[in-house]
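S.K.: One structure follows; several queries about it will come next.
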Amino acid sequence: MATNAKYWTALGDPTRRAIFELLVERPSSVSGLASVLPVTRPAVSQHLKVLKEAGLVADTPSGKERIYRIDPDGLAAFRAEIDQFWMKTLAAYKLAVEQPTKDET
């Protein structure tokens, strides 16, 4: 199973994860995000750039600002990757549990 490291890398940073979680609640501008985070607007912009390059957020123009939101297609792809990981992990666990122990042979 090949993983797409861009999702994991993008969400590996605590500030990016906080931004992502805020966008799950509702779309927002850079200014809106910066007003509730302990980082500057330029820092928020840089974090959003990474999240956007990973396909996790999208933006649309709104006057002089851009409004960022979760990208449902990117999130679905990330979710599919997580689901594959868990299916593989659970299948391996099932095999391990179902193998007879020394006492049973």
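S.K.: From the residues in the range 85-99 that are of a type outside the set (Gly, Ala, Ser) and open to solvent by less than 100 Å² (accessible area, probe 1.4 Å), which one is nearest to Ala5 (Cα to Cα)?
M.R.: So, considering only residues that are of a type outside the set (Gly, Ala, Ser) and open to solvent by less than 100 Å² (accessible area, probe 1.4 Å), the one nearest to Ala5 (Cα to Cα) is Phe85.
S.K.: Is it true that some residue in the range 34-55 is in contact (Cβ under 8 Å) with a residue 60 or more places away in the chain and exposed (fewer than 11 other Cβ atoms within 10 Å of the Cβ)?
M.R.: The answer is no, given that none of the residues of the range 34-55 is in contact (Cβ under 8 Å) with a residue 60 or more places away in the chain and exposed (fewer than 11 other Cβ atoms within 10 Å of the Cβ).
S.K.: Quick check on this structure: which one of Ile19, Ile67 is open to solvent by less than 30 Å² (accessible area, probe 1.4 Å) and not aromatic (Phe, Trp, Tyr)?
M.R.: Ile19
S.K.: What are the residues in the range 70-84 that are closer than 15 Å to Trp8 by Cβ and loosely packed, with under 11 Cβ neighbours inside 10 Å, if any?
M.R.: Result: Asp83, single match.
S.K.: If a residue has to be within 11 Å of the chain's Cα centre (by Cα) and of a type in the set (D, E, K, R) to count, how many in the range 17-70 make the cut?
M.R.: Matching residues across the range 17-70 total 3.
The values are calculated or read from the model by the stated rules, or taken from the named source; none is laboratory data. The model shown is predicted, which means the values in this text are computed figures rather than measured ones. Note that we place each Cβ from the backbone using ideal geometry, even for glycine, and neighbour counts take in every protein chain shown. Accessible surface is based on the protein model in full, side chains and every heavy atom, while ligands, DNA and RNA are left aside. Shrake-Rupley method; radii C 1.70, N 1.55, O 1.52, S 1.80 Å.
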